[in-house]
């Protein structure tokens, strides 16, 4: 992974260049859910879903119990690259805005100023981020849903992970994550009119209103499955635990206990009247467009007969949120090794990167983990390392090239020395120094040049004329003359020769003395002689 996010991005479009494993955490009052996803190429694989119940305790030791459950979940996952988690939408303030541009960077620059007058607390005490819910290309504008969360909630949430020894990379909101997955399911994203997502938890219920595929409003009510169990408990005068067990076991289906069914029906009626009131307020704020679908999820959605009960009560089509529609859509690149429980849906959505929520992260301001700075540092280290590597390779290349050149030079010198020795016999055979050999050869050439240039001088007799003169004055047949060697220098001609007798030798000397071109230097005494003549 050395090049990931250093010189190349981790992905291009929807294609992941490097495998990436993400763990998504959903933490509530009773359970910690973790989902493990592997992103590789164009495929997203659901590898694991983990459900860790919190140990029994009270609100005073909740943080300790939650951190312990997080640590237990982390022991069961594989080596990961990132941790994503989410805050409950109940701690956030949501505002819908229309802005005259759609560039996320420009929106980020102005979003705090736009939302500040709308918040019940100082923007300096909060972290603000947004998702783009609708692009308006003809107006070059966009509609965004802004979320503002007070810093104290983020601090508390991060402390849960810090106690477990980890530091999440992304902090999002549960209903934003759910909406991102909702948009990827074609049969949901194309639903006309209003659609309401209802996440029924143990203590709170999150409600998201989506209009023609656009997330418009989010509300949370401080009631959940536990509040309905308490209502049944009071009606039947039984412990809350027993009431919860009956709700999970029998739900709203007919049983042999009419008192229970009446208590359960009354409890769910009161609860869904509150939900209905919230839905009505949604439609009042959004052009009075009626809601056509209610999608249930969370632990409360598993109550038997709940969907038909809500459909009859609200007069709206109600069904469980079917995340398997996303997992079974091969065109979206999803595969799964295991199924997913209703309780793990939110943790799956939190782990899943989607185009809608990919840039949303509450780890801003002092909560930023310095990803850009870390990448810059990695890039600097990598650049220095590559520079050093290139220099080492260049030095190594230079060394081998120099070595090769030296070898070629030495071979060429040897060839030159051998060639000069063949051409110039005066060079000693044991001489191996190129400079000395070249100097000797140059001296010999200069001597020859001097000789030949001296005879080629227009101001003196031609060399051929000297030879002709010798041929004319010497009668070879009469004298018995034969020449063994003739050495010509600039001023002399030396002959190693032979005559038949001393009389012939005397005749030769007399003839040479008569010549106008030669002047004998000394006399010879033997018929085998070496005679030096000075040329005039």
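The values are calculated or read from the model by the stated rules, or taken from the named source; none is laboratory data. Model, not experiment: these values are computed from the prediction. Positions of Cβ are backbone-derived with ideal geometry, glycine not excepted, and every protein chain shown enters the neighbour counts.
Points worth noting:
- Flag if residue 75 is in contact with a helix residue (DSSP H, G or I) (Cβ under 7 Å, 6 or more places away or on another chain) and assigned to a helix (DSSP H, G or I): no
- Strands (runs of 3 or more DSSP E) wholly inside segment 283-376 containing at least 2 residues that are at pLDDT 90 or above and more than 30 Å from the chain's Cα centre (by Cα): 291-297, 317-320
Conditions (1) surrounded by 21 or more Cβ atoms within 10 Å (Cβ to Cβ); (2) part of a helix (DSSP H, G or I); (3) in the same structural domain as residue 293 (by TED's automatic domain parsing); (4) touching a helix residue (DSSP H, G or I) at 6+ places or on another chain (Cβ under 8 Å), marked per residue:
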| residue | (1), (2), (3), (4) |
| --- | --- |
| 180 | yes, yes, no, yes |
| 203 | no, no, yes, yes |
| 219 | no, no, yes, yes |
| 223 | no, no, yes, yes |
| 228 | yes, yes, yes, yes |
| 243 | yes, yes, yes, yes |
| 254 | no, no, yes, yes |
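- When we screen 70, 83 for residues that are modelled with pLDDT of 95 or more, assigned by TED's automatic domain parsing to the domain that holds residue 128, under 28 Å from residue 324 (Cβ atoms) and not in a strand (DSSP E or B), the only hit is 70.
- For segment 49-67, taking the residues that are assigned to a helix (DSSP H, G or I) and in contact with a helix residue (DSSP H, G or I) (Cβ under 8 Å, 6 or more places away or on another chain), the one that is surrounded by the most Cβ atoms within 10 Å (Cβ to Cβ) is identified as 66.
- Matching residues in segment 232-286 - criterion: being at positive phi and free of Cβ contacts under 8 Å to residues at least 12 places away in the same chain: 237
- Members of segment 205-215 that are surrounded by 21 or more Cβ atoms within 10 Å (Cβ to Cβ) and more than 20 Å from residue 269 (Cβ to Cβ): 206, 208, 209, 210, 211, 215
- Test result for residue 476, surrounded by fewer than 14 Cβ atoms within 10 Å (Cβ to Cβ), over 29 Å from residue 447 (Cα atoms) and in contact with a strand residue (DSSP E or B) (Cβ under 9 Å, 6 or more places away or on another chain): yes
- Test for residue 450: is it at pLDDT below 80 and outside any loop (DSSP other than H, G, I, E, B): yes
- Among the residues of segment 277-298, not a single one is outside the structural domain of residue 144 (by TED's automatic domain parsing), surrounded by 18 or more Cβ atoms within 10 Å (Cβ to Cβ), in contact with a helix residue (DSSP H, G or I) (Cβ under 6 Å, 6 or more places away or on another chain) and farther than 22 Å from residue 187 by Cβ.
- Verdict on residue 113 being touching a strand residue (DSSP E or B) at 6+ places or on another chain (Cβ under 8 Å) and within 30 Å of residue 285 (Cβ to Cβ): no
Residue by residue, here is whether (1) surrounded by 13 or more Cβ atoms within 10 Å (Cβ to Cβ); (2) in contact with a helix residue (DSSP H, G or I) (Cβ under 6 Å, 6 or more places away or on another chain); (3) within 28 Å of residue 119 (Cα to Cα) holds:
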| position | (1), (2), (3) |
| --- | --- |
| 42 | no, no, no |
| 71 | yes, no, no |
| 81 | yes, no, no |
| 93 | yes, no, yes |
| 96 | yes, no, yes |
| 103 | no, no, yes |
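- Residues that are over 15 Å from residue 28 (Cβ atoms) and part of a helix (DSSP H, G or I), drawn from segment 162-175: 162, 163
- Scan of segment 492-536 for residues that are within 19 Å of residue 468 (Cβ to Cβ) and assigned to a loop (DSSP other than H, G, I, E, B), ordered by number: 515, 516, 517, 536
- Index of the failed condition, residue 187 passing every other in (1) surrounded by fewer than 18 Cβ atoms within 10 Å (Cβ to Cβ); (2) touching a helix residue (DSSP H, G or I) at 6+ places or on another chain (Cβ under 7 Å); (3) closer than 30 Å to residue 62 by Cβ: (3)
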